[in-house]
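What follows is a set of notes on a single structure, which appears directly below.
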């Protein structure tokens, strides 16, 4: 069964450094998402991406965050200057059509030191 | 602010019993509802989706939706120790464009052998 893949599984970065989290959504899916989950807290929406542009972003997704779909398969989340509070699990999700469920990747655990 | 509320638990049930998980949501316009299972340190895994009032059964799982009461539930019959996990209720945004999910905090289920 096709799945969403994310790399790396764990990223450790010094505060202030840039980090790029990578995702390969399911190949025929059209809608792409990033969510994050701080340890012990709920899953929170960051950004949605459709038709090669951001369709919506949350208050969390400030100017330090950006997303790209540089080719037909990858979907990346960049954090320009990481802060301690960016430490969390970051999940990529994709969806074929708007009336279908989202499928999640295994996540990237981001640890900011 | 769209809210999804769940009892955080923990909910403990003996093996073979029925586990009942509940969720309420604030956005009356919501049309799509999902239950995800999340094992500790892992990503959300889709269990059930439900879109219309009533019951939907899939194996040992039954989702129930009551839009008038803004209430969704998940029943797990013949609970197994492997069902021990956190169950996340998620509601898809009813607004146009992004279709992002709003998650509850999750209910932690423990099935006691």
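The values are calculated or read from the model by the stated rules, or taken from the named source; none is laboratory data. Model, not experiment: these values are computed from the prediction. Cβ coordinates were reconstructed from backbone atoms using ideal geometry, including for glycine residues, and neighbour counts include every protein chain displayed.
Figures for the structure shown
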| read-out | value |
| --- | --- |
| The range B:63-100, subset under 19 Å from residue A:37 (Cα atoms) and at pLDDT below 95, residue farthest from the chain's Cα centre (by Cα) | B:99 |
| Residue, nearest to the other protein chains (Cβ to nearest Cβ), within the range B:94-113, restricted to residues that are in a loop (DSSP other than H, G, I, E, B), under 23 Å from residue B:84 (Cβ atoms) and out of contact with any helix residue (DSSP H, G or I) (no Cβ under 6 Å at 6 or more places or on another chain) | B:105 |
| Lone unmet requirement of (1) farther than 26 Å from residue B:37 by Cα; (2) surrounded by fewer than 14 Cβ atoms within 10 Å (Cβ to Cβ); (3) at pLDDT 95 or above for residue A:111 | (1) |
| Output for the range B:23-55, where each listed residue is away from chain A (no Cβ under 13 Å) and part of a strand (DSSP E or B) | B:24, B:25, B:54, B:55 |
| One residue from B:79, B:20 being away from every other protein chain (no Cβ under 14 Å), in contact with a strand residue (DSSP E or B) (Cβ under 8 Å, 6 or more places away or on another chain) and not in a loop (DSSP other than H, G, I, E, B) | B:20 |
| Strands (runs of 3 or more DSSP E) lying entirely in the range A:1-61 (those with 2 or more residues that are at the interface with another protein chain (Cβ under 10 Å from one of its Cβ atoms) and on the phi < 0 side of the Ramachandran plot) | A:31-37, A:44-50, A:53-57 |
| Which numbered condition residue A:106 fails, given (1) more than 8 Å from every other protein chain (Cβ to nearest Cβ); (2) within 13 Å of the chain's Cα centre (by Cα) | (1) |
